[in-house]
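The values are calculated or read from the model by the stated rules, or taken from the named source; none is laboratory data. Note that this is a predicted model, so its numbers are computed, not measured. These area figures cover heavy atoms from the full protein model, side chains too; ligands, DNA and RNA do not enter into them. Shrake-Rupley method; radii C 1.70, N 1.55, O 1.52, S 1.80 Å.
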Amino acid sequence: LARGIQRTAIRQAHRKHEPDFHDKYGNLVLLGGAAVFTVVWGYVLTQAGIEWGLSPVGRVTPKEWRE
């Protein structure tokens, strides 16, 4: 069993490495995804009309105290 595994490993090590999809297009896909991410979030943060009320001062009103 071990010899068969060894032979297979040696055969694969000597085999010519053909570039697969990730070797060919990996960086391109990564950059494209980063660009889309940036554009979409840039739009959301600037144009979507979301009111960014980060400070609670003046918004949080205390409840009436009941005894």
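For Leu31, Leu1, Leu54, Leu45, give me the order by solvent-accessible area with a 1.4 Å probe, most accessible first, ignoring ligands, DNA and RNA.
Details: Leu31 120, Leu1 180, Leu54 155, Leu45 95 Å².
Order by accessible area, largest first: Leu1, Leu54, Leu31, Leu45.
Over all distinct alpha-carbon pairs, what is the Kirkwood Rh of segment 1-43 in angstrom?
Values: mean 1/r = 0.0737 Å⁻¹.
Answer for segment 1-43: a Kirkwood hydrodynamic radius of 13.6 Å.
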